[in-house]
1. Keeping to segment 5-58, report how many residues are under 25 Å from Ser93 (Cβ atoms), aliphatic (A, V, I, L, M) and at pLDDT below 85.
2. Among the residues of segment 79-125, what is the count of those that are part of a strand (DSSP E or B), open to solvent by 80 Å² or more (accessible area, probe 1.4 Å) and aliphatic (A, V, I, L, M)?
3. Looking only at segment 34-64, how many residues end up being in a helix (DSSP H, G or I) and surrounded by fewer than 16 Cβ atoms within 10 Å (Cβ to Cβ)?
4. Out of segment 50-70, which residues are under 14 Å from the mean Cα position of the chain (by Cα) and aliphatic (A, V, I, L, M)?
5. Just to be sure I understand the filter: pairs with C-beta atoms under 7 Å, separated by 6 or more residues or on different chains, first member in segment 24-37 and more than 15 Å from Thr61 (Cα to Cα) and of a type outside the set (Asp, Glu), second member open to solvent by less than 60 Å² (accessible area, probe 1.4 Å) and in a loop (DSSP other than H, G, I, E, B). Which pairs pass?
6. How about segment 69-115: which of its residues are hydroxyl-bearing (Ser, Thr, Tyr) and closer than 20 Å to Arg58 by Cβ?
7. Going residue by residue through segment 18-30, is there one that turns out to be assigned to a helix (DSSP H, G or I) and touching a His at 6+ places or on another chain (Cβ under 8 Å)?
Amino acid sequence: KQWYQRRVAITAGGVEDRIEFIVGDFMKLAPTLKADCVFLSPPWGGPEYLRQDVYSLRHMTPHGKDIFDVTCQITENIALFLPRNVDADEVISLALPGASVEIEQNFLNRRVKTVTAYFGELISE
């Protein structure tokens, strides 16, 4: 898996020397991390998320809000990769007071497959 991530980093513009890939339990590692931005792809709970009309962040383990709050201690620049049926209101509620969120739908074969929520300076202007 790491070889693929490194390959993507190289292909994305030769920035491998500025990206560090860390494997481990995020909730345990987070207090020791420093970063300009964090990309989160938390576990959605397996294929069960597809059986729900609206996916709640509370179905994640740990709770999606807890993951986000811990990440805010590292940086406010966060990209959060989520299932297509996530509760958009819940995602919007994660934004810090006075801050914004940008929710991008990711399409494959003309169908929404996932969404990515951007916070902090990752929001397009």
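The values are calculated or read from the model by the stated rules, or taken from the named source; none is laboratory data. The structure presented is a predicted model; accordingly, all values stated were derived computationally and were not measured. Glycine also receives a Cβ, built like all others from the backbone with ideal geometry; neighbour counts cover every protein chain displayed. For accessibility, only protein heavy atoms count, side chains too; no ligands or nucleic acids. Shrake-Rupley method; radii C 1.70, N 1.55, O 1.52, S 1.80 Å.
1. 1
2. Matching residues across segment 79-125 total 1.
3. 6
4. Leu57, Met60, Ile67, Val70 - these are the residues of segment 50-70 that are under 14 Å from the mean Cα position of the chain (by Cα) and aliphatic (A, V, I, L, M).
5. Ala30/Ile74; Leu33/Ile74; Lys34/Ile74; Ala35/Ile74; Ala35/Thr75; Cys37/Thr75; Cys37/Asn77
6. Correct list: Thr71, Ser93, Thr114.
7. No - not one qualifying residue is present in segment 18-30.
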